[in-house]
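Q: Submitted below is the structure of interest, expressed as structure tokens.
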Number of protein chains: 2
Amino acid sequence: MKPPTRPEFDLIARIRQRASHGRGDVVLGIGDDAAVLAVPAGRQLVVAMDTLNAGVHFPGDTAPGDIGWKSLAVNLSDLAAMGAEPAWCTLSLSLPSADPAWVDAFLEGFLDLARLHDVALVGGDTTRGPLSVCVAAHGWVEPGTALRRDGARPGDLVWVTGTLGDAAGALAQWRDGGGVDARLRARLDRPVPRIAVGRALPPVASACIDVSDGLLADLGHVCAASGVGAEILLDALPCPEVLRECFDAAARRRLQATGGDDYELCFTTRGTLRDAVAAIAADTGVDIACIGRIVAGREVEAFDAEGRPWRPDRPGHEHFTTQE
Amino acid sequence: MKPPTRPEFDLIARIRQRASHGRGDVVLGIGDDAAVLAVPAGRQLVVAMDTLNAGVHFPGDTAPGDIGWKSLAVNLSDLAAMGAEPAWCTLSLSLPSADPAWVDAFLEGFLDLARLHDVALVGGDTTRGPLSVCVAAHGWVEPGTALRRDGARPGDLVWVTGTLGDAAGALAQWRDGGGVDARLRARLDRPVPRIAVGRALPPVASACIDVSDGLLADLGHVCAASGVGAEILLDALPCPEVLRECFDAAARRRLQATGGDDYELCFTTRGTLRDAVAAIAADTGVDIACIGRIVAGREVEAFDAEGRPWRPDRPGHEHFTTQE
């Protein structure tokens, strides 16, 4: 009898065919029980793994190509936050039915981003189930140079790349049921992992995290791990023009301080390293703003231009739906 | 303000606390944006990734501890099928609600198996969504020794570890709605990855796969990758006593030839290596049966004791529910 043909195997063959790459360090890619990979001598392996679930991490009307892009982007963003160079990824795709056209569109977005960073898709599986995408991303750092959350010290400066609040702005508009600004929606659906900045940060940064849960929440993780507090100047948070067009000042403030899904890097440096950060911004073409400083204590406090403390009405970003 | 407290972070703290391990090669484990790991010099990294979805890969009445065990076991089985030594894993857990008692029970099964093989849980995430468990398992091999699917040659012998049909027998009983034999159910819920046999196989085996989709289906993958065919003797398939007690001969034959989820290893060797395989069986305490041979051609054919060809009425194992 011929080897059986099942939809799962058809999809894997489809993925395998499209996932070509030119990496010589992939000893064995898609098509066996596991991938075999050659980590360069003298490097430490860095592994991130994140899942996106339909109706939780993206609205149901998200295009499959955008889901593909984002599922890899959130993982590459984690590698960026470690200062790692990305190399390989695996993909576990749960689908309600074996839909080749959907998979093709998904892969287009996924592989577009993979190619941008020379990341090879080397394995994983396809299963039946509610739409869910789990990705593991692999990369490496020079030994001892991984950017951690626990290195911030009082007196350090706090920095953030790009702009904040865009993705949360898109979600807010989406929830309101009106139109969603295309520029905001693009930031929600196709976040750009800050790989180049992350790769440049190890000699400079004392701690780093990517902004997935909201600035105050994620900076809170850095402070908790480092045993410090932080003071943030709300007016220093980098705001895209489109956010000014679409939201009033109070809404903007909330979106920027607590909105997640921007996948910018938030990092700290010693106070003497302003010029070094400016050089990284110039080299990478990514804006980097100083938004506050690390202090003794345990709290993350935000202040307005008049020095008045500000608290959000909700603690953190809740992705797509609200957390129970 | 204090760093926000969200159920997701509580669960991660819970997992982190319980996932202690003694591995010195984990540079940075749970609690940062990614894990940092030290692959030993001169080894190639092996990465497997598989997802289990509720209602697809396990019946809804499966105990959380069994789901935990199985989600790691199917991935360690993939490493075994590559001849790899397991080292680390990451876990992405999607849960309908943040249920600490469920997570504790799940972790008990997951970590019981992890400890058996000195595997450290080093990262991942917890998200809201339909119950789904994605695991990536990492290990290593000596360069060039990974067991692949494409090395079988005509004249090779075909071997299988342990017994076949047990897990499929449990599923058949479960579907019938009667009682499920506890011995069969244990094989379905707590498969034992054949790590020790897998580690011993690289000098001996020409190809290897684990039996997750059913013997004929999985051997079909080996044959397709190797460009060969195979002849299997149905009466040589190792049958547990409990299967004889619970099923007639025709049902047993079907369960053994096409039933999946046993996670035994099916491998091929040159015909001269019978003694070497016997030595591995003796060293590991795992029965290994010779069940057929590799032939020229492209087909996997099964024969009964009278030499009559046999075909199943269904091509392969369908896990829990039937494939559309």
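The values are calculated or read from the model by the stated rules, or taken from the named source; none is laboratory data. Note that the coordinates shown come from a computational prediction; the quantities given were computed from them, not determined experimentally. With ideal geometry, Cβ positions are generated from the backbone for all residues, glycine too; neighbour counts draw on all protein chains shown. We work out accessible area using only protein heavy atoms, side chains counted, and drop any ligands, DNA or RNA first. Shrake-Rupley method; radii C 1.70, N 1.55, O 1.52, S 1.80 Å.
Q: Within the range A:109-124, how many residues turn out to be at the interface with chain B (Cβ under 9 Å from one of its Cβ atoms) and either surrounded by fewer than 23 Cβ atoms within 10 Å (Cβ to Cβ) or more than 21 Å from B:A54 (Cβ to Cβ) (or both)?
A: Number satisfying all stated conditions: 2.
Q: Please state which one of B:L76, B:L95, B:L91 is in contact with a strand residue (DSSP E or B) (Cβ under 8 Å, 6 or more places away or on another chain), at pLDDT 95 or above and under 23 Å from B:A13 (Cβ atoms).
A: Values: B:L76 fails: under 23 Å from B:A13 (Cβ atoms); B:L95 fails: at pLDDT 95 or above.
Criteria check complete, one pass: B:L91.
Q: Report, by residue number, each residue of the range A:109-126 that is aliphatic (A, V, I, L, M) and in contact (Cβ under 8 Å) with a residue 40 or more places away in the chain.
A: Taking the range A:109-126 first, the residues aliphatic (A, V, I, L, M) are A:111, A:113-114, A:116, A:119-122.
Correct list: A:L111, A:L113, A:A114, A:V119, A:A120, A:L121, A:V122.
Q: Starting from residues that are among the acidic types (D, E) and over 20 Å from A:A137 (Cβ atoms), keep the ones in the range A:172-194 and report whichever is farthest from the chain's Cα centre (by Cα). Give the derivation first.
A: Pass one, the range A:172-194, residues among the acidic types (D, E): A:176, A:181, A:189.
Then keep just the ones that are over 20 Å from A:A137 (Cβ atoms); that gives A:176, A:181.
On the way: A:D176: 25, A:D181: 21 Å.
The selected residue is A:D176.
Q: Is it fair to say A:R183 is at pLDDT 95 or above, surrounded by fewer than 24 Cβ atoms within 10 Å (Cβ to Cβ) and more than 9 Å from chain B (Cβ to nearest Cβ)?
A: Working: at pLDDT 95 or above: yes; surrounded by fewer than 24 Cβ atoms within 10 Å (Cβ to Cβ): yes; more than 9 Å from chain B (Cβ to nearest Cβ): yes.
Criteria met by A:R183.
Q: I've got another one for you. On the given criteria, is B:G151 buried (at least 23 other Cβ atoms within 10 Å of the Cβ), at pLDDT 95 or above and of a type in the set (G, A, S)?
A: Values: buried (at least 23 other Cβ atoms within 10 Å of the Cβ): no; at pLDDT 95 or above: yes; of a type in the set (G, A, S): yes.
Spelling it out, it is not the case that B:G151 is buried (at least 23 other Cβ atoms within 10 Å of the Cβ), at pLDDT 95 or above and of a type in the set (G, A, S).
Q: Check whether at least one residue in the range B:151-163 is of a type outside the set (S, T, N, Q) and within 12 Å of chain A (Cβ to nearest Cβ), and report yes or no. Please lay out each step first, then the result.
A: Looking only at the range B:151-163, we keep the residues that are of a type outside the set (S, T, N, Q), and these are B:151-160, B:162.
Retained after the next criterion (residues that are within 12 Å of chain A (Cβ to nearest Cβ)): B:151.
Yes, some residue in the range B:151-163 is of a type outside the set (S, T, N, Q) and within 12 Å of chain A (Cβ to nearest Cβ).
Q: Also, quick follow-up: Hey, among A:V192, A:V242, which residue is in contact (Cβ under 8 Å) with a residue 24 or more places away in the chain and in contact with an Asp or Glu (Cβ under 8 Å, 6 or more places away or on another chain)? Give the steps one after another, and end with the answer.
A: On the way: A:V192 fails: in contact with an Asp or Glu (Cβ under 8 Å, 6 or more places away or on another chain).
Criteria check complete, one pass: A:V242.
Q: Give the residues of the range B:233-288 that are among the aromatic types (F, W, Y) and closer than 17 Å to B:R194 by Cα, sorted by residue number. Quick ask: steps written out before the conclusion?
A: Pass one, the range B:233-288, residues among the aromatic types (F, W, Y): B:247, B:263, B:267.
Matches in the range B:233-288: B:Y263, B:F267.
Q: Among residues belonging to the range B:299-314 that are over 19 Å from B:V158 (Cα atoms) and within 11 Å of chain A (Cβ to nearest Cβ), point out the one that is least open to solvent (accessible area, probe 1.4 Å).
A: B:P312
Q: While we're looking at this one, here's another question. Of everything in the range B:130-142 that's of a type outside the set (V, I, T) and more than 18 Å from B:T62 (Cα to Cα), which residue is nearest to the other protein chains (Cβ to nearest Cβ)?
A: Applying the first criterion (of a type outside the set (V, I, T)) to the range B:130-142 yields B:130-132, B:134, B:136-140, B:142.
From what is left, the residues that are more than 18 Å from B:T62 (Cα to Cα) are B:136-140, B:142.
Values: B:A136: 4, B:A137: 8, B:H138: 7, B:G139: 8, B:W140: 9, B:E142: 11 Å.
My answer is B:A136.
Q: Quick check on my filter: what residues within the range A:73-129 are of a type in the set (S, T, Y) and farther than 16 Å from B:H138 by Cβ? Lay out the reasoning, then the answer.
A: Filtering the range A:73-129 down to residues of a type in the set (S, T, Y) leaves A:77, A:90, A:92, A:94, A:97, A:126-127.
A:S77, A:S94, A:S97, A:T126, A:T127, listed by residue number.
Q: Residues that are assigned to a loop (DSSP other than H, G, I, E, B), β-branched (V, I, T) and farther than 20 Å from B:A279 by Cα: does the range B:153-173 have at least one?
A: Checking the range B:153-173: not a single residue is assigned to a loop (DSSP other than H, G, I, E, B), β-branched (V, I, T) and farther than 20 Å from B:A279 by Cα.
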